[in-house]
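The values are calculated or read from the model by the stated rules, or taken from the named source; none is laboratory data. Here the structure is a predicted model, which is why all the values come from computation and not from measurement. Cβ atoms come from the backbone with ideal geometry, glycine included; neighbour counts cover every protein chain shown. Side chains included, ligands, DNA and RNA excluded: accessible areas come from the protein's heavy atoms. Shrake-Rupley method; radii C 1.70, N 1.55, O 1.52, S 1.80 Å.
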Amino acid sequence: MKRLSVLPQQCLLVVTCLLMALEAVPIDIDKTKVKAEGHVEGEKVENPDTGLYYDEYLRQVIDVLETDKHFREKLQTADIEEIKSGKLSRELDLVSHHVRTRLDELKRQEVARLRMLIKAKMDSVQDTGIDHQALLKQFEHLNHQNPDTFEPKDLDMLIKAATSDLENYDKTRHEEFKKYEMMKEHERREYLKTLDEEKRKKEESKFEEMKKKHGDHPKVHHPGSKDQLKEVWEEADGLDPNEFDPKTFFKLHDVNNDGFLDEQELEALFTKELEKVYDPKNEEDDMVEMEEERLRMREHVMNEVDINKDRLVTLEEFLRATEKKEFLEPDSWETLDQQQLFTEDELKEFENHISQQEDELRKKAEELQKQKEELQRQHDQLQAQKQELQQVVKQMEQKKLQQGNPPAGPGGELKIQPPGEHKAGDAPQHPAGGDQPLPPGHVQEPAVRTDQVHP
């Protein structure tokens, strides 16, 4: 579960809608009892990673837009529907030239980054004819038809993409966690198949014992209930439970003093409840399940309290939730070990899918092995041919030496002796019998014919 460690649900409104900069309602706190560090004025608070693949681009665009006074004022007065509908995006035409220039630069950098990712992916398949413009269509957080300038359409697309991606994140996470649990059960059953009957019974008994031990834990308070919040108030904040005050509680746990309880701040409230069920020292407790439990608690509170669905809890929303009947008389929280996370049919379908994937990988491995063996056969054949040719050349050299012919050079040419050098026993060519020119002043005598009769 690669994405479980990344928590896009921790993001602020920066994720969903460009950070509505609304201010929290001021409340009074008894500072003699509260021992929490205040937020330093002017201190920049780092927002958690959204988990989106364009997270850095999103953050940079927001940071640049907030430097424009006009846009910042519009952002402070806009509601969530104006932001989602694209009305706020049209205000981009009124920002300063410097801001627009910086946004243009950010977009060009993002397009260049995406093109680099595309090229790296396509290089793996040796595709030299890459149509970057066509492939950029798969990215929905920017207008690929205009890669050079940042327009209102880019801001609108960025907001809608981030909102949609985060709204679908919880659903995707649930599916990933279900796969994780089914894989655990699949591997357990596969392991049991490798054991004999006696060992298998022993392993099954151990599994049931650990399951029972994990389920034997104190009652878990309903997330967001008065009992759950009072427990945090008393044990984590060190305050008198009889003096529990929702306003003070909200201010204490609005860590960055931005007037909201964001998803990260909410999740921090559930640590005490999770410690009742999970302990990293216990073999029977799965820390992946603990994080999923935390995220489900956060998701539940958001669904109950976050009225405008902006993924942030305002003081007004928080106080309204404390007035509900469910806040005072909640049921206990049903933990993951008390739920059926998947059915036997779902597990069977999952195992069939795994089997198909294993078959495909096995076929690919066999094909690669055949290719390797064929390449090795061709290599051996070429080596044999090379050795045969070398042997033939060697035999030809020996034959030439035996016949008295000068040996051939590396290219098959004859090795001709330099002029003036003769083999031992060879007589020099006389001028009379040769073709060499006579020296100056020398008169050649006529040759004597043997067939002439002298008087």
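Among the residues of region 234-285, those that are closer than 25 Å to THR335 by Cβ, free of Cβ contacts under 8 Å to residues at least 12 places away in the same chain and in a loop (DSSP other than H, G, I, E, B) comprise ASP279, PRO280, LYS281. Here GLU316, GLU351 are screened, and the one residue that is open to solvent by less than 80 Å² (accessible area, probe 1.4 Å), in a helix (DSSP H, G or I) and touching a residue at least 12 places away in the same chain (Cβ under 8 Å) is GLU351.
Taking the condition assigned to a helix (DSSP H, G or I), open to solvent by 70 Å² or more (accessible area, probe 1.4 Å) and not β-branched (Val, Ile, Thr), does LYS230 pass? No; evaluated as a whole, the condition is false for this residue. Counting only residues that are of a type outside the set (Gly, Ala, Ser) and touching a residue at least 40 places away in the same chain (Cβ under 8 Å), region 192-233 holds 17 of them.
Could you check, for region 109-123, whether at least one of its residues is modelled with pLDDT of 90 or more and open to solvent by 60 Å² or more (accessible area, probe 1.4 Å)? Yes, region 109-123 contains a residue that is modelled with pLDDT of 90 or more and open to solvent by 60 Å² or more (accessible area, probe 1.4 Å). For region 50-78, enumerate the residues that are polar (S, T, N, Q), part of a loop (DSSP other than H, G, I, E, B) and open to solvent by 60 Å² or more (accessible area, probe 1.4 Å). Passing the criteria: only THR67.
On inspection, LYS372 passes the criterion of being more than 23 Å from GLU187 (Cβ to Cβ) and basic (Lys, Arg). What single numbered condition from (1) surrounded by 12 or more Cβ atoms within 10 Å (Cβ to Cβ); (2) outside the structural domain of ALA321 (by the TED database) fails to hold for GLU187? The number of the failed condition is (1). Checking each residue in region 238-251 for being open to solvent by 40 Å² or more (accessible area, probe 1.4 Å) and either within 40 Å of the chain's Cα centre (by Cα) or outside the structural domain of GLU275 (by the TED database) (or both) picks out only LYS251.
Surrounded by fewer than 17 Cβ atoms within 10 Å (Cβ to Cβ) and under 17 Å from GLU176 (Cα atoms): does that describe GLN339? So GLN339 passes the test.
One residue alone among GLU209, GLU235 is within 16 Å of GLU273 (Cβ to Cβ) and open to solvent by 40 Å² or more (accessible area, probe 1.4 Å), and that residue is GLU235. When GLU293, GLU275, GLU299, GLU289 are checked against the criterion of being in the same structural domain as LYS219 (by the TED database) and open to solvent by 50 Å² or more (accessible area, probe 1.4 Å), a single residue qualifies: GLU275.
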